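So the structure is just underneath, and the comments pick up after that.
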Amino acid sequence: PQLRELCFDAFAVLHSGATRTPVYVAERLNRQILQAGDGLKRSDKFYADARLPRGERAELADYKGSGWSRGHMAPAADMGTPSAMAQSFSLANMVPQDPKQNGGAWAKIEADTRRYAMRAQGDVYVITGPVFEPGAQRIGAGGVAVPSHLFKLVFDPSTGRSWAHWQQNAPSAQVGRPISYAELVKR
């Protein structure tokens with residue numbers, strides 16, 4: 001299966017046909033984007049991305065009854081327009097995520113990243129993705145891989161600062177201290 005680049009209005013995905021998930025998702029955030037999206041209603045209309053071959057993409061049926069959430073890598077709350085919001089529900093932007101982790105500790109990391117972007121001097125670049133252990137669990141008939149961990153790397157070019165969040169994809173996950181880019185690469 002191929003690695004495929006997918007461009008959306010507000011983010012880009014490098015997608016793996018092997019895991020049927022993103023390898024990573026990249027987005028640019030700033031105060032203007034977040035203010036424009038403030039108050040947008042979530043569409044919650046998840047869809048399989050027709051730009052990907054059927055044999056390499058996740059389908060809605062893969063998640064149904066699996067016990068895993070469809071976890072956004074580029075969060076819906078980061079989107080600044082209705083079109084970008086709708087696109088964020090592509091399954092090409094999703095990984096199987098523990099529901100408690102997704103709605104709890106991971107949601108806090110996403111909110112903290114938005115808060116930082118709101119006070120930054122300009123654009124902030126965010127790369128988010130899954131980490132898979134060898135022999136990762138698979139869900140659905142399509143065999144969508146379940147990540148053991150998720151990461152979110154944040155870079156602020158106006159200050160030259162970067163940091164990453166690393167979190168286990170488990171119900172007991174807690175928000176920990178950010179780690180350095182070098183530590184993220186090592187892990």
Going by the conditions given, is Gly67 under 30 Å from Ser158 (Cβ atoms) and either at pLDDT 95 or above or hydrophobic (A, V, I, L, M, F, W, C) (or both)? no
Looking at (1) of a type in the set (A, V, I, L, M, F, W, C); (2) under 14 Å from the mean Cα position of the chain (by Cα); (3) assigned to a helix (DSSP H, G or I); (4) surrounded by 14 or more Cβ atoms within 10 Å (Cβ to Cβ), which is the one condition that is false for Leu184? (2)
Residues within segment 131-169 that are in a loop (DSSP other than H, G, I, E, B) and of a type outside the set (Gly, Ala, Ser), tallied: 9
For residues in segment 93-120 being part of a loop (DSSP other than H, G, I, E, B) and either aliphatic (A, V, I, L, M) or touching a strand residue (DSSP E or B) at 6+ places or on another chain (Cβ under 8 Å) (or both), which is farthest from Arg4 (Cα to Cα)? Ala120
Looking only at segment 156-173, and only at residues there that are of a type outside the set (A, V, I, L, M) and within 12 Å of Thr128 (Cβ to Cβ), the one that is surrounded by the most Cβ atoms within 10 Å (Cβ to Cβ): His165
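The values are calculated or read from the model by the stated rules, or taken from the named source; none is laboratory data. Remember, predicted model here, so these are calculated numbers, not experimental data. With ideal geometry, Cβ positions are generated from the backbone for all residues, glycine too; neighbour counts draw on all protein chains shown.
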